[in-house]
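Novice: The structure is given below, and queries will be raised subsequently.
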Amino acid sequence: MNKTFFSVITIILFSCSNNATEDKTSAANNTIPEQEKKLRDLVAQYPDSLLLYENLIQYFRENGNYSQAIAETWYALKRDSSNGRLLYMNAILLSENEDTLQAIRAWEKVVDSDPQPENVLSLGSLYALTKNPMALTMADALLLAPKANARVKALFIKGLYYSTAGDKTQAIDFFNKCLSLDYSFLFAYREKAIALYDTGKYLDALKVLELSLAIKQTNEEAYYWMGRCFEKLGKKEEAIQNYQLALQIDKEYIEAKDALGKLGVK
C-alpha cells in the first residue's frame, strides 16, 4: 500500500485472464510453482469451497501478484456475485493494488452489502481522497447513527476530505476532534502532521509525529515524515537518521529509499 493511501494505476483486467482458475494448459501446469499447482488442483477438485479459493487468492497476494489475485477473485465473483466475503476481498486487493477508481466501485458494493462502520470508513476515505463530496455525506450518516459508535471515523473522513480539497485549517480542526476522542488514532496523527507540513509548519508537524511515536514506536510513517520535516528545516543529518529508522522498520519503504537517494545516501 502507498504510504499516503492510494494512487490511480492501471491493472491487468480480468478479461486478460478469462476463466483464470480452470482454463490452464498442461504446459502451464508443468511450469507453475508446486504450491500454486496444489492449490489449483484442490480448487478444481472442490469448486464450491470458498476457503480453498481464499487460499489461492491469498497465495498470489502474499507473493505480490495482485493482478492474478484480483483475476481469481473476479472469477469467483462471476459464480457468486453477492458473496460478501468475496466482495470484501476484492475491495481490499484493489485498494492494496492502488487502483483507486476500481477500489471505490468495489467498496460501494461492500457497503451496500454490509454497511459496517469500518467498511464505510474505507469507502468514505476513498471518496475524500478523490475530493468527492459523498465523503461528507457518509461522514454525516455515521454521525447521525450513534449506535454505530463511529464518531471518530466520521470526523476523520471529514478531515481527510478537507485536507485533500486544500482547506488545511479545517482539516486540522477535524483531526484534532478525532484525537480528543481517541488519542491513539494513528491515522489522525499522520494526516494532521501532513496537513501541518503542507502549510509549512514543520516544527508543529514534528511535535505531532513525536506524539504518535509515543503511542507506537515502530511507526515507520512517523519517522518518514519527520525526515521530510527535518529536510525542510535544513537538518540533513536528522533527516537521514529518520529515513533510516523508517527503513529499519519497513525495508521496502520506497519513499524513504528515494529520499535517502536524493540526499546521496545509498
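Novice: Going by C-beta contacts inside 10 Å, put Ile215, Ile70 in order with the fewest on the left. Provide the component values of the computation, followed by the final result.
Specialist: Values: Ile215 13, Ile70 28.
Ordered from fewest to most neighbouring Cβ atoms within 10 Å, Ile215, Ile70 come out as Ile215, Ile70.
Novice: Add -39500 (n - 2.57) for each DSSP H run of 4 or more in the chain, then divide by its residues: what number comes out at 222 nm, to the nearest 500 deg cm²/dmol? Display every interim value, and only then the final one.
Specialist: Values: 15 runs with 187 residues, N = 266.
It lands at -22000 deg cm²/dmol.
Novice: While we're on this one: What number, in percent, do you get for the relative contact order of region 115-169 if the mean sequence gap of Cα pairs under 8 Å and at least 6 apart is divided by its residue count? Don't skip to the answer; put the middle values down first.
Specialist: Values: 63 pairs, mean separation 21.7, N = 55.
RCO, region 115-169: 39 percent.
Novice: Continuing with the same structure: Provide, as a two-decimal number, the C-alpha radius of gyration of region 183-266 over 2.2 N^0.38 Å, N being how many residues it has. Write out the running numbers ahead of the final one.
Specialist: On the way: Rg = 11.8 Å, N = 84, 2.2 N^0.38 = 11.8 Å.
Its radius of gyration relative to the 2.2 N^0.38 Å reference: 1.00.
Novice: I want to check the label-to-label distance for Glu36 and Ile254. Put each point 7 Å from Cα in the C-beta direction and report it in nm to one decimal.
Specialist: Distance between the two pseudo-spin positions: 2.1 nm.
Novice: Dipole size in debye (nearest 20) for the chain around its Cα centre, Lys and Arg Cβ +1, Asp and Glu Cβ -1? Don't skip to the answer; put the middle values down first.
Specialist: On the way: 31 positive and 34 negative charges, 126 e Å.
That gives the chain a dipole magnitude of about 600 debye.
Novice: If one takes the longest principal axis of the Cα atoms in the chain, at what angle in degrees, from 0 to 90 and to the nearest 10, does the Cα axis of helix 151-165 lie?
Specialist: Around 80 degrees separate the two axes.
Novice: Short version: ³J(HN,Hα) in whole Hz for each residue of region 88-100, in order, from phi by Karplus 6.51 cos²θ - 1.76 cosθ + 1.60 (θ = phi - 60°), x for Gly and Pro, what are they?
Specialist: So the Karplus estimates, Gly and Pro as x, are 5, 4, 4, 5, 4, 4, 5, 5, 5, 7, 6, 9, 4 Hz.
Novice: By counting other Cβ atoms within 10 Å of each Cβ, how are Arg105, Arg79, Arg61 ranked from fewest to most?
Specialist: On the way: Arg105 16, Arg79 12, Arg61 21.
With the fewest neighbours first, Arg105, Arg79, Arg61 line up as Arg79, Arg105, Arg61.
Novice: Restricting to Cα pairs below 8 Å that are 6+ residues apart, what does the relative contact order work out to for region 183-266? Please round to a whole percent. Before the final figure, lay out the partial values.
Specialist: Details: 94 pairs, mean separation 18.2, N = 84.
Relative contact order for region 183-266 comes out at 22 percent.
Novice: Tell me, what ³J(HN,Hα) does each residue in region 216-233 have, in order and in whole Hz, if you take phi through Karplus 6.51 cos²θ - 1.76 cosθ + 1.60 with θ = phi - 60° and put x for Gly and Pro?
Specialist: Using θ = phi - 60°, the values come out as 9, 5, 8, 10, 4, 5, 4, 5, 4, 6, 5, x, 4, 5, 4, 4, 5, 8 Hz.
Novice: Ok, one more. Quick one: Cα centre-to-centre distance for region 150-177 and region 112-137, in angstrom?
Specialist: Between the Cα centres of region 150-177 and region 112-137 lies a distance of 13 Å.
Novice: Identify, among Leu126, Leu52, Gln102, the residue whose Cα sits farthest towards the positive end of the charge dipole of region 45-169, taking +1 on the Cβ of Lys and Arg and -1 on the Cβ of Asp and Glu, with the dipole about the Cα centre.
Specialist: Among Leu126, Leu52, Gln102, the one farthest towards the positive end of the dipole of region 45-169 is Leu126.
Novice: Roughly how tilted is helix 117-129, in degrees to the nearest 10 and between 0 and 90, from the longest Cα axis of the chain?
Specialist: 70
Novice: Give me the angle, in degrees from 0 to 90, between the Cα long axis of helix 34-45 and the longest principal axis of the Cα atoms of the chain, rounded to the nearest 10.
Specialist: 60
Novice: Can you tell me how much longer the chain between Lys131 and Asp114 gets when fully stretched, taken as 0.36 nm per residue apart minus their C-alpha distance, in nm with one decimal? Intermediate values should be presented prior to the final figure.
Specialist: Numbers: separation 17, 0.36 × 17 = 6.12 nm, distance 2.38 nm.
Taking 0.36 nm per residue and subtracting the Cα distance, the gain is 3.7 nm.
Novice: For the pairs Lys131/Lys262; Lys109/Lys153; Lys158/Lys235; Lys38/Lys78, note any where the Cα-Cα span goes beyond 27 Å.
Specialist: Numbers: Lys131/Lys262 31 Å; Lys109/Lys153 20 Å; Lys158/Lys235 33 Å; Lys38/Lys78 23 Å.
Going by Cα-Cα distance, Lys131/Lys262; Lys158/Lys235 fall outside the 27 Å limit.
Novice: How large are Rg and Dmax for the chain when calculated on the C-alpha trace, in angstrom?
Specialist: Answer for the chain, Rg first and Dmax second: 21.1, 62 Å.
A short reminder: the numbers here are calculations on the coordinates, not readings from a lab. In this text, all values refer to a predicted model and were calculated from it rather than measured experimentally. Neighbour counts run over all protein chains shown; Cβ positions are idealised from the backbone, glycine included.
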